[in-house]
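Here is the structure we will look at, set down as structure tokens.
The values are calculated or read from the model by the stated rules, or taken from the named source; none is laboratory data. Just so it is clear, the structure is predicted and the values come from calculations on it, not from any experiment. As a convention, Cβ positions derive from the backbone with ideal geometry for all residues, glycine included, and neighbour counts pool all protein chains shown.
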Amino acid sequence: MNIVLFGPPGSGKGTQAQFIVQKYNIPQISTGDMLRAAVKANSPVGIIAKSIMDSGALVSDDIVLQLVEERVSQSDCVYGFVLDGFPRTIPQADSLITLLDSLDKKIDYVISLEVDDKELILRLSGRRTCPSCGKGYHVLYNKPEKDGFCSVCGTQLVQRDDDSELTVINRLNVYEQQTSSLKSYFSQLGILYNISGSGSINEIQKQISAVLDTGDFGDHS
Ligand code: AP5
């Protein structure tokens, strides 16, 4: 089962990807996480990506495509994967389809999470992440057991550099201008499933399960 989790920054892609990984036993492929790892390692890709990510713009298609190509070809992806934050442009989507075709694979589901901008800004400003195991939290909506520390591994939680107010606004603009049109792209392929991303994390998990377990759901477009 090959899934794309689609939606604006803060819509819950990473949160729901963690649920899909656990329930369906397939790996998460997050281009944002891969780029942040490259920045942390100070690799050539990381050095190029850092200032672009801090501004809220998109890293070049070539760079992210290479990361995804290498990852999708690994053996743990043989029974499926969940892509989080990729594709984000039409050329990325075209290249993904060509790549999967060459591996005799296809995208089975694109799950699009819909959330209004006001809520997205609230979510991103309150987001905290574990720098060690990557688990995500929110200061109000998804609290760790002990304030400020990861419930899984106990590491002190951090705020992402690109979650500052100005960068968040730019990320939302970039989404509107460069990414949102992919919804009609996927709709035309008949693989788009729209889900409201505004309920509780559990309610959204149930809606995603309804799509993935039955292969269909009310708002399929
Ligand atoms: P990336 O890391 O992909 O960030 P993003 O798409 O902006 O998405 P986020 O991770 O911010 O949000 P999310 O939807 O995963 O929400 P989350 O689950 O964390 O990309 C970062 C940067 O890398 C980009 O700006 C770009 O520069 C570069 N990049 C990455 N991919 C690229 C690509 N393909 N091409 C080019 N450049 C690329 O949830 C957010 C918060 O809300 C959390 O605190 C969570 O606990 C909370 N929350 C989640 N669900 C709910 C809910 N239902 N109710 C209440 N709170 C909730």
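Does Gly134 satisfy the condition of being more than 29 Å from Gly80 (Cα to Cα), within 11 Å of the ligand (Cβ to nearest atom) and surrounded by 17 or more Cβ atoms within 10 Å (Cβ to Cβ)?
no
Residues are listed down the side, and each one gets a yes or a no for (1) buried (at least 19 other Cβ atoms within 10 Å of the Cβ); (2) farther than 12 Å from Tyr109 by Cβ; (3) more than 16 Å from the ligand (Cβ to nearest atom); (4) modelled with pLDDT of 95 or more:
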residue: Gln177; (1), (2), (3), (4): no, yes, no, yes
residue: Ser180; (1), (2), (3), (4): no, yes, no, yes
residue: Gly199; (1), (2), (3), (4): no, yes, no, no
residue: Thr214; (1), (2), (3), (4): no, no, yes, no
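Of the residues Asp161, Asp94, which single one is under 22 Å from Val45 (Cβ atoms), surrounded by fewer than 13 Cβ atoms within 10 Å (Cβ to Cβ) and of a type in the set (D, E, K, R)?
Just one listed residue meets the conditions, Asp161.
Run Gln188 past the list (1) out of contact with any strand residue (DSSP E or B) (no Cβ under 9 Å at 6 or more places or on another chain); (2) closer than 27 Å to Gly80 by Cα; (3) modelled with pLDDT under 95 and report the number of the one that doesn't hold.
So the condition that Gln188 fails would be (3).
Could you count how many residues in segment 81-129 are within 9 Å of the ligand (Cβ to nearest atom), in a loop (DSSP other than H, G, I, E, B) and among the hydrophobic types (A, V, I, L, M, F, W, C)?
Residues that pass the stated criteria total 2.
So, Arg171, is that one at pLDDT below 95, part of a helix (DSSP H, G or I) and charged (D, E, K, R) or not?
no
For segment 25-37, does any single residue satisfy the condition of being more than 9 Å from the ligand (Cβ to nearest atom), loosely packed, with under 15 Cβ neighbours inside 10 Å and within 19 Å of Asn2 (Cβ to Cβ)?
yes
Could you tell me whether Ile20 is more than 7 Å from the ligand (Cβ to nearest atom) and in contact with a Lys or Arg (Cβ under 7 Å, 6 or more places away or on another chain)?
No: the conditions fail for Ile20.
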